[in-house]
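Trainee: Pasting a structure here, questions to come.
Read the figures in this text as sums done on the coordinates, not as results from a lab. Just so we're clear, the structure is a prediction, and the values are computed from it rather than from any experiment. We place every Cβ from the backbone using ideal geometry, glycine too, and count neighbours over all the protein chains shown.
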Amino acid sequence: MSTLYAQSQTQISGILSAENPNEKLAYASVILKQDALIVETVITNDKGEFKIEGVKSGKYTIGFQFVGFEDVVMPLTIEGTNTNINMGNIALKTNVTSLNEVVVTAETSQISLKLDKKVFDVGKDLISKGGSATQVLDNVPAVRVDPSGSVSLRGNSNVLILINGRKSGLTSLQGLEQIPAESIKSVEVITNPSSRYDAAGSAGIINIVLKKNSKQDLSGSMTVVGGIPNENRLMGGINYKKGKFNLFSNFGIRYSDYVGLNTRDQVTTANGNAVYLNQREDQKRHDSGGLLYMGLDYFINDNNSITSAFYRNDTKDRDKNTLDYNISGENSQNQQIQTIGDSRENRSYNQLEFNYTKTFKKPDRKFTVDFQYDFWDSTKDFNIERSTLVPNTGDKSVINTKSKRASDDVVIQSDYVTPLSETANFEVGAKLENRVVSTGFAADENNNGTVTPIEGFNNGLDYKEQIVGAYAQYGNKINKFSFLLGLRTEYTYIQIKNQNTGGILRDSTYTRLFPSANLSYALTKKTTAQLNYSQRINRPNLDQLNPFPELLDFNSRIFGNINLLPSLTNGVELGILSKVKGLVLNPSIYYSRTKNAFQYFTSQNDEGVFETVLINLDSETRYGIEISAQYAPLKWLSLNAEINAYGFTKEGSADNVNLDISNETWKATLLTQIKLPKNFTFQSKLDYQAAVSDAQTRTKSYYYLNVAFGKSLFKNNGSLSLAASNIFNTRKIRETTVGSDFVVHEMTNFNAARWTLSFNYKFNKGKNRKEHQSNRN
């Protein structure tokens, strides 16, 4: 029993945290009892702090409760002359047998429903094991990665992806494919970010948090993967921590094959005559690459530390695609044309990082400076052999295209946060990003030995982008009510120059203000409501602005739009987090309105070639309801489910075609984990997407199932897992696009079913060390 001395009226205070003292437990319950009578119940603030005032002398028990953690009850006797009792830091242990908020067990990933975001803790996720960040993201409810690699949030592809809270070239499709799943700690989904974040991304932010080293001495892990189709990966990490130094590294190599199938059936009308095209594309793709990430933390003293790191990623892709075209018409001769494409692409990505962090004697006051320099380049050679098989005229031609790209990106950022009182907090920051990209494309045709450039495809662009941002935000807590109010401003400069002519294709500057508000109220000790608002921007990137098409298909072209305007979105969301007898519910309703929203528009030119261009709509309104639920009815069974039903209204036109439309759709995800005897675990993910339409295209519904079996080995230091993705090969995107003189039916099966067998082994020769934490987020 602990005996504390106080006057007849005493104040009791303290801080609640997880076993890691840096992880504060906000909005936890603190209950003071005398015998069986509850004297006072309070809720910790967003820093985990609590205070109970006006307590009389006597014998009490004080209890601490937080979903996902074991309850703690302590005896407490108050007597004597002290008027302030500080209980210090009280650490709660994770409850690994319940699913009240988040269960991070050795076998599975789970979802933590925080007040301002959802956190998917990767853990030893069997379905993603041996895979990449792409597979991890596709397992996060509300997040989708389509077969082409495009990431969307709540059905909206305008999402900003960060790594450790920062923008990075690693968030491209190729970069995400190279980040091993084993190096990811968690994925944060932030639908209405505060002002400290960049304003880009109208759908919100997805932040990939990489693992940190918190072990003393030597530790690390190694993963070996084999699969069908050919999937070979070797990846791992080694960390060494001693005294003031922490050396960390991650590495990986991969050798992967993919099989895909695309079909296209179209009917077009020209001069009253119908022309039919049946197209089949068989894809054989091969990707190989290697990555190395290494760095050093140096803890100068208790209040000053620096981190420097270097990342390099090299990839080599070789794709061989065979396209067969069958053309027929009412008043034309039947034709059969075949093209065989052979593509070779090499990419090299490099990233330098530097961080300086200063803490102060005053708790929670911190000053940081971050510097990041990205430089990368890519080259691609694409040879297309075209032959006319019917009629067999012997006509053959070879088209060769070459593309190259290089970029330099410098980011400097500084942030300062300081408490103004026990509950109030103030934060300011500034950021400068300067990006320079050069791109070039050339195409020529060899016809019977005569090589000629193909008109309209040879081009080169220089792209410059500069974004300067600054923000300030203030947060406070008044009883059960908490708020965080912020304002961000960003200045943007974009210039695009034609390398061949020297002419300026685009030169624009604009400055915007982006307000944000995060409000929360503790309705009860187990139920909290939150209201969030933010304004976001979607700036068109170089690919979306590039007016020149690349030559990939004789039947269709995709263009950028040099006159594309940025879109602005205002979004608001109301959500509730509630725990009822082991069931955690997180329903939310959301609404957003976007000006100058982006959409692709397809038309047919005079030569019968389909041209798709990105345009600005006048506006887009989205609204929906999302319900997340977690339930563990049995010790060996846990379920995570999410359903998102939403609608949208789009208004706008292109080429005198009205594109107004209203539509509703829904999607659902069910994650299941079953603990089996003898350290076996089964996991499954069932995903369903209902049909959805815009003004031109209707996409049919589809579903797919991923499953995995795993077994812990060597006293939980090792694990073996067998996983299958798209196990029934049902992840096929079927679309119908209708225009005034055409109807096109397309099916895309980017990846067939894949099976992988993974073995992971961890070693650790040291102990936990809590004195120093890495600067990496």
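Trainee: Please identify which residues in the stretch 675-697 have an amide N closer than 18 Å to a label point set 7 Å out from the Cα of residue 649, following the Cα→Cβ vector.
Mentor: From the stretch 675-697, the list is 693-695.
Trainee: Also, quick follow-up: Going Cα to Cα from residue 480, which lysines come in below 17 Å? Please leave out same-chain ones fewer than 8 positions away.
Mentor: The qualifying lysines are 47, 51, 114, 525, 526.
Trainee: If you stretched the chain out fully between residue 344 and residue 146, how much longer would it get, using 0.36 nm times the residue separation minus the C-alpha to C-alpha distance?
Mentor: Going from the current span to full extension adds 68.9 nm.
Trainee: Over the Cα atoms of the stretch 429-540, each weighted equally, I'd like the Debye log10 I(q)/I(0) at q = 0.10, 0.12, 0.14 Å⁻¹, rounded to two decimals.
Mentor: Reported log10 I(q)/I(0), two decimals: -0.56, -0.67, -0.77.
Trainee: A follow-up question, please. Using the Karplus equation 6.51 cos²θ - 1.76 cosθ + 1.60 (θ = phi - 60°), what ³J(HN,Hα) coupling, rounded to whole Hz, does each residue of the stretch 181-194 give in order, writing x for Gly and Pro?
Mentor: With the stated coefficients, the stretch 181-194 comes to 4, 5, 8, 9, 7, 7, 10, 9, 10, 10, 7, 10, x, 7 Hz.
Trainee: Based on the mean of other Cβ atoms within 10 Å per residue, sort peptides 153-159, 364-370 so the most packed one is first.
Mentor: 153-159, 364-370
Trainee: Something else: Over all distinct Cα pairs, what is the inverse of the mean 1/r for the stretch 312-444, reported as the Kirkwood hydrodynamic radius in Å?
Mentor: 20.2 Å is the Kirkwood radius here.
Trainee: Largest first, please: the extent of the C-alpha atoms of the chain along each principal axis, to the nearest Å.
Mentor: 105, 56, 48
Trainee: Pairs of lysine in the stretch 574-669 with Cα under 30 Å and at least 8 positions apart or on different chains: total?
Mentor: So the count of such lysine pairs works out to 8.
Trainee: So for the pair residue 734, residue 51, with labels modelled 7 Å out along Cα→Cβ, what separation do we get in nm?
Mentor: 6.3
Trainee: Something else about it: In nm, to one decimal, how far is the modelled label at residue 678 from the one at residue 581, with both set 7 Å along Cα→Cβ?
Mentor: 3.7
Trainee: Sticking with this one: Using the Cα centre as the reference, give the magnitude of the dipole from point charges on the C-beta atoms of the stretch 217-764 (Lys, Arg: +1; Asp, Glu: -1; all else neutral), rounded to the nearest 20 debye. Mind showing how you got there, number by number?
Mentor: Details: 60 positive and 57 negative charges, 682 e Å.
So the dipole magnitude of the stretch 217-764 works out to roughly 3280 debye.
Trainee: Next question. Please quote Rg/Rh for the stretch 355-403 to two decimal places, taking the Kirkwood radius as Rh and restricting both calculations to Cα atoms.
Mentor: Over the Cα atoms of the stretch 355-403, Rg/Rh equals 1.71.
Trainee: Extending each Cα 7 Å along its Cβ direction at residue 761 and residue 334, get the distance between those two points in nm, one decimal.
Mentor: 6.1
Trainee: Full-extension gain between residue 487 and residue 217, please, as 0.36 nm times their residue separation minus the C-alpha to C-alpha distance.
Mentor: On the way: separation 270, 0.36 × 270 = 97.20 nm, distance 4.35 nm.
Between residue 487 and residue 217, full extension yields 92.8 nm more.
Trainee: To continue, here is another question. Write down the Kirkwood hydrodynamic radius of the stretch 438-504, to one decimal in angstroms, obtained as one divided by the mean of 1/r over all alpha carbon pairs.
Mentor: With all distinct Cα pairs of the stretch 438-504 included, I get 16.9 Å.
Trainee: If you take the Cα atoms of the stretch 662-704, find Rg, then find the Kirkwood Rh from the mean of 1/r over all pairs, what is Rg/Rh? Walk me through the intermediate numbers first.
Mentor: Numbers: Rg = 16.5 Å, Rh = 12.8 Å.
Radius of gyration over Kirkwood radius for the stretch 662-704 works out to 1.29.
Trainee: As a test of the formula, what do you get for the chain when each DSSP H run with n ≥ 4 contributes -39,500 (n - 2.57) and the sum is divided by the residue count, at 222 nm and rounded to the nearest 500 deg cm²/dmol?
Mentor: Theoretical 222 nm ellipticity from helices: -500 deg cm²/dmol.
Trainee: Please work out the Cα convex hull volume for the stretch 529-611 and give it in Å³ per residue.
Mentor: 158
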